Amino acid sequence: MTEDKTVITEASNVLAEKLVKTKKYQELESLKKKINKNPDDRKLLKDYQEKTNMIAMMGGINFSDDNQLEQLKEKINDNKTVSAYLKAEEAWEKYLEELFVEIGNELEFDFLGSLGGGCC
């Protein structure tokens, strides 16, 4: 391993250690543990993630998918734990995006743009 790579790996490890100590990450992990303890919550989350991933891979939504997704969203809205988890996951993803923007600004590089992220 080159010296540069060693320094970057060490810095990455420090960053990861700091990230797992953040309130956002702790909340996400706590909710994940709650969901994993409840088979119904686990199934609801899995069904929702599978449906949204399938729609994303297919590049769109058809009438049947739309109805199924709406039914899942209604169930999620009625489920405090899964709903809170999805909100926490969204907040965590936004936090990481902001982090990538900050790193990109320091490097004068658009990580999100290069990864195809961001809007539109």
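Of all residue pairs spaced 6 or more apart or on separate chains, those with beta-carbon atoms under 8 Å, a first member in region 17-36 that is within 14 Å of Ser83 (Cα to Cα) and free of Cβ contacts under 8 Å to residues at least 60 places away in the same chain and a second member that is surrounded by 16 or more Cβ atoms within 10 Å (Cβ to Cβ) and β-branched (Val, Ile, Thr) are Leu31/Thr81; Lys34/Thr81; Ile35/Thr81; Ile35/Val82.
Going through (1) under 27 Å from Tyr25 (Cβ atoms); (2) touching a Lys or Arg at 6+ places or on another chain (Cβ under 8 Å) one by one, Asp110 falls short only on (2).
Which count do you get for residues in region 16-51 that are hydrophobic (A, V, I, L, M, F, W, C), over 21 Å from Asp66 (Cα atoms) and surrounded by 12 or more Cβ atoms within 10 Å (Cβ to Cβ)? Before you say what the answer is, go through the steps one by one.
First pass over region 16-51, keeping only residues hydrophobic (A, V, I, L, M, F, W, C): 16, 19-20, 28, 31, 35, 44-45.
This time we only want the ones that are over 21 Å from Asp66 (Cα atoms), so: 16, 19-20, 28, 31, 35.
Now drop any that are not surrounded by 12 or more Cβ atoms within 10 Å (Cβ to Cβ), which leaves 19, 28, 31, 35.
Going through region 16-51 one residue at a time, the tally reaches 4.
Among the residues of region 107-120, those that are part of a helix (DSSP H, G or I) and either at pLDDT 90 or above or surrounded by 13 or more Cβ atoms within 10 Å (Cβ to Cβ) (or both) comprise Phe111, Leu112. Residue count for region 48-73, restricted to those that are under 25 Å from Leu28 (Cα atoms) and touching a helix residue (DSSP H, G or I) at 6+ places or on another chain (Cβ under 6 Å): 5.
Name the single residue, out of those in region 55-101 being among the acidic types (Asp, Glu) and more than 23 Å from Asp41 (Cα to Cα), that is surrounded by the fewest Cβ atoms within 10 Å (Cβ to Cβ). If you could, list the steps in order and put the result at the bottom.
Residues of region 55-101 among the acidic types (Asp, Glu): 65-66, 70, 74, 78, 89-90, 93, 97-98.
Pick out the ones that are also more than 23 Å from Asp41 (Cα to Cα) and you get 97-98.
On the way: Glu97: 14, Glu98: 10.
It comes out as Glu98.
The values are calculated or read from the model by the stated rules, or taken from the named source; none is laboratory data. These numbers were taken from a predicted model, which means no experiment stands behind them. Here the Cβ is made from the backbone with ideal geometry for all residues, glycine too, and neighbour counts use every protein chain on show.
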